[in-house]
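In what follows, a structure is listed as structure tokens, so that the remarks can point back to it.
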Amino acid sequence: MRIFIALLDGVGIGELPDASFYGDEGSHTLRNTAQAVGGLSLPTLERLGLGWIDDIPGVKKVEIPLALSGKMNEKSKGKDTTTGHWEIAGIILEKSFPVYPRGFPPSIIEELERAWGRKILGNKPASGTVIIEELGEEHLRTGYPIVYTSADSVLQIAAHEEVIPLPELYEMCQKAREIMRGEHAVARIIARPFVGRPGQFKRTANRRDFSLPPPKDTILDVLFRQGSENIGVGKIQDIFAGRGLNENIKIADNKEGFQILRELQKSKKGDLVWVNFNDFDTVFGHRNNPRGFAQALEAWDKDLSSFLPSLREDEVLFITADHGCDPTTPSTDHSREYVPLLVFNPSNSQGVSLGIRKTFSDIAATIAQMMEVEWNGPGTSFAFQILSGKNSP
């Protein structure tokens with residue numbers, strides 16, 4: 001059996017029961033986006049059964065969907081990228097990663113400054129492109145790195161490549177990784193180099209993530225030890241600190257992600273291929289752009305329509321997300337939401353309902369059973385429904 005995971009970053013499908021604890025009442029990324037633009041045109045996802053999961057303007061509830069359909073509850077604490085991906089892979093976090101909506105505490109900033117031998121600019125949540133325009137000129141003048149964070153559990157360091165050379169920037173990140181431990185153990189330290197002059201700054205492709213490794217085995221680790229070829233596409237390697245992967249392919253955007261997915265499927269390379277489609281979250285969700293979000297969904301749906309016919313009978317496609325990122329709410333943060341679950345296999349599973357899964361880790365348990373490896377982690381497998389096309393054993 002060959003597995004593909006298409007993860008639509010930030011595409012949630014309704015607030016979770018505990019959303020109020022996160023300030024996310026009323027969040028529903030798909031429905032609210034659809035309402036904001038007068039309805040979504042997603043004919044491929046519609047045929048698969050998206051309309052069976054929830055009411056979304058423009059998306060009909062077809063008579064017989066082509067895929068299994070349901071939605072998943074996030075059992076872990078938090079609503080960030082790493083937490084969502086780790087839970088899909090079989091790790092449930094009892095405590096959320098630390099986030100810093102008001103910037104990092106003075107004690108951390110002082111320790112970073114001592115370790116780097118440089119003062120720090122910024123220290124606040126910000127868009128990466130906005131903060132380099134705001135502080136880039138001062139950075140050029142002083143040589144002080146720009147430190148900022150976001151809705152995710154991250155510490156990001158922006159520096160001009162002519163002011164702080166890449167080797168030094170990466171070394172600064174490694175020192176920050178050593179400092180950010182215990183209660184301040186953020187999921188990722190990210191190097192964000194840029195070039196250019198004031199008014200024309202541009203981030204480069206030399207970004208590097210220094211991730212916290214998963215505390216336990218994930219399904220990727222288990223499959224890897226059993227000889228499975230696991231390939232990440234997009235930021236999968238960064239999220240799992242490279243663990244459990246034979247290869248990771250970087251991409252520029254959703255379009256390139258689908259191009260790589262097609263190439264891997266056609267070449268039969270990879271036993272498990274996990275693609276993160278990040279544009280929904282980064283480009284549109286965090287920037288409160290529902291029209292752009294809708295257009296990205298419709299473009300993705302069109303790419304999906306040309307991909308599905310190529311799938312073979314021994315290949316299974318999981319379509320899901322890691323959290324919400326509702327572009328219609330006042331917040332630019334992630335939102336604590338259910339995530340959609342559509343599972344397509346050309347030979348089976350038509351019209352099967354998966355209901356509401358108790359944890360994202362049901363995917364890990366299902367993949368383990370389908371790939372015939374022992375799994376001691378959390379989750380309840382629904383492999384029977386995929387392989388038999390029936391609702392229960």
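Which residues, taken from the stretch 238-268, are closer than 16 Å to residue 211 by Cα and over 16 Å from the mean Cα position of the chain (by Cα)?
Hits for the stretch 238-268 are 243, 244, 245.
Specify the residue that is surrounded by the most Cβ atoms within 10 Å (Cβ to Cβ); the eligible residues are those in the stretch 265-312 that are free of Cβ contacts under 8 Å to residues at least 60 places away in the same chain and of a type in the set (Gly, Ala, Ser).
296
I'd like to know if the stretch 70-86 contains one or more residues that are aliphatic (A, V, I, L, M) and part of a helix (DSSP H, G or I). Lay out the reasoning, then the answer.
Here is the first cut: in the stretch 70-86, the residues aliphatic (A, V, I, L, M) are 72.
Now restrict to residues that are part of a helix (DSSP H, G or I): none.
Among the residues of the stretch 70-86, not one is aliphatic (A, V, I, L, M) and part of a helix (DSSP H, G or I), which makes the answer no.
Which is more than 22 Å from residue 192 (Cβ to Cβ), more than 26 Å from the chain's Cα centre (by Cα) and modelled with pLDDT of 95 or more, of 119, 60, 75?
So the residue among 119, 60, 75 that is more than 22 Å from residue 192 (Cβ to Cβ), more than 26 Å from the chain's Cα centre (by Cα) and modelled with pLDDT of 95 or more is 60.
How many residues are touching a helix residue (DSSP H, G or I) at 6+ places or on another chain (Cβ under 9 Å), closer than 29 Å to residue 151 by Cα and either among the β-branched types (Val, Ile, Thr) or in a strand (DSSP E or B) (or both) if we restrict to the stretch 273-316?
6
Do you know which of the residues in the stretch 1-59 that are in a loop (DSSP other than H, G, I, E, B) and hydrophobic (A, V, I, L, M, F, W, C) is nearest to residue 311 (Cα to Cα)? Let's see the steps before the verdict.
Applying the first criterion (in a loop (DSSP other than H, G, I, E, B)) to the stretch 1-59 yields 1, 9-14, 16-18, 23-28, 37-42, 49, 54-55, 57-58.
Of the ones still in play, those that are also hydrophobic (A, V, I, L, M, F, W, C) are 1, 11, 13, 16, 37, 40, 42.
Numbers: 1: 12, 11: 24, 13: 26, 16: 33, 37: 32, 40: 25, 42: 20 Å.
Once the filter is applied, the top-ranked residue is 1.
Can you pull out every residue in the stretch 317-340 that is in a loop (DSSP other than H, G, I, E, B) and not hydroxyl-bearing (Ser, Thr, Tyr)?
Result: 321, 322, 323, 325, 326, 327, 330, 333, 334, 336.
Taking the stretch 341-393 on its own, how many of its residues are in a strand (DSSP E or B) and of a type in the set (Phe, Trp, Tyr)? Outline the logic, then answer.
So in the stretch 341-393, the residues in a strand (DSSP E or B) come out as 341-345, 348, 353-357.
Within this subset, residues satisfying the condition of being of a type in the set (Phe, Trp, Tyr) are 344.
Total satisfying the criteria: 1.
Could you say whether any residue in the stretch 248-255 is part of a loop (DSSP other than H, G, I, E, B), small (Gly, Ala, Ser), over 26 Å from residue 95 (Cα atoms) and not assigned by TED's automatic domain parsing to the domain that holds residue 311?
So far as the stretch 248-255 goes, no, none of its residues is part of a loop (DSSP other than H, G, I, E, B), small (Gly, Ala, Ser), over 26 Å from residue 95 (Cα atoms) and not assigned by TED's automatic domain parsing to the domain that holds residue 311.
Given the structure, is residue 108 surrounded by 15 or more Cβ atoms within 10 Å (Cβ to Cβ), over 24 Å from residue 241 (Cα atoms) and modelled with pLDDT of 95 or more?
Working: surrounded by 15 or more Cβ atoms within 10 Å (Cβ to Cβ): yes; over 24 Å from residue 241 (Cα atoms): no; modelled with pLDDT of 95 or more: yes.
Criteria not met by residue 108.
Listed here are the residues, each with its yes/no results for (1) more than 30 Å from residue 378 (Cβ to Cβ); (2) of a type in the set (Gly, Ala, Ser); (3) not assigned by TED's automatic domain parsing to the domain that holds residue 188.
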residue	(1), (2), (3)
101	no, no, yes
110	yes, no, no
114	yes, no, no
121	yes, no, no
125	yes, no, no
128	yes, yes, no
132	yes, no, no
135	yes, no, no
139	yes, no, no
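Residue under question is residue 174, and the condition is that it be touching a residue at least 24 places away in the same chain (Cβ under 8 Å) and of a type in the set (S, T, N, Q); does it hold?
On the way: touching a residue at least 24 places away in the same chain (Cβ under 8 Å): yes; of a type in the set (S, T, N, Q): yes.
Yes; evaluated as a whole, the condition is true for this residue.
If you take the residues in the stretch 224-252 that are surrounded by fewer than 17 Cβ atoms within 10 Å (Cβ to Cβ) and of a type in the set (Lys, Arg), which one is nearest to residue 159 (Cα to Cα)?
Checking each candidate, the answer is 250.
Are any of the residues in the stretch 335-349 of a type in the set (Gly, Ala, Ser), surrounded by fewer than 16 Cβ atoms within 10 Å (Cβ to Cβ), within 30 Å of residue 26 (Cα to Cα) and not assigned by TED's automatic domain parsing to the domain that holds residue 153?
no
Could you identify the single residue in 363, 386, 367 that is within 18 Å of residue 314 (Cα to Cα), modelled with pLDDT under 95 and β-branched (Val, Ile, Thr)?
Values: 363 fails: modelled with pLDDT under 95; 367 fails: modelled with pLDDT under 95.
The conditions single out 386.
Listed residues 152, 221, 217; which is buried (at least 17 other Cβ atoms within 10 Å of the Cβ), within 27 Å of residue 331 (Cα to Cα) and under 21 Å from the mean Cα position of the chain (by Cα)?
152 is the lone residue from the list that is buried (at least 17 other Cβ atoms within 10 Å of the Cβ), within 27 Å of residue 331 (Cα to Cα) and under 21 Å from the mean Cα position of the chain (by Cα).
In the list 214, 198, 193, which residue meets the criterion of being of a type outside the set (Gly, Ala, Ser), in contact (Cβ under 8 Å) with a residue 40 or more places away in the chain and over 27 Å from residue 364 (Cα atoms)?
Working: 214 fails: over 27 Å from residue 364 (Cα atoms); 193 fails: in contact (Cβ under 8 Å) with a residue 40 or more places away in the chain.
Within the list 214, 198, 193, the selection yields 198.
Quick one: which of 203, 262 is exposed (fewer than 15 other Cβ atoms within 10 Å of the Cβ) and either in contact with a Gly (Cβ under 8 Å, 6 or more places away or on another chain) or in contact (Cβ under 8 Å) with a residue 40 or more places away in the chain (or both)?
Result: 262 is the single residue among 203, 262 that is exposed (fewer than 15 other Cβ atoms within 10 Å of the Cβ) and either in contact with a Gly (Cβ under 8 Å, 6 or more places away or on another chain) or in contact (Cβ under 8 Å) with a residue 40 or more places away in the chain (or both).
Taking the stretch 178-199 only, how many residues are assigned to a helix (DSSP H, G or I) and under 16 Å from residue 113 (Cβ atoms)?
The total comes to 3.
The values are calculated or read from the model by the stated rules, or taken from the named source; none is laboratory data. Small disclaimer: the values here were computed from a predicted structure and weren't measured. Note that we place each Cβ from the backbone using ideal geometry, even for glycine, and neighbour counts take in every protein chain shown.
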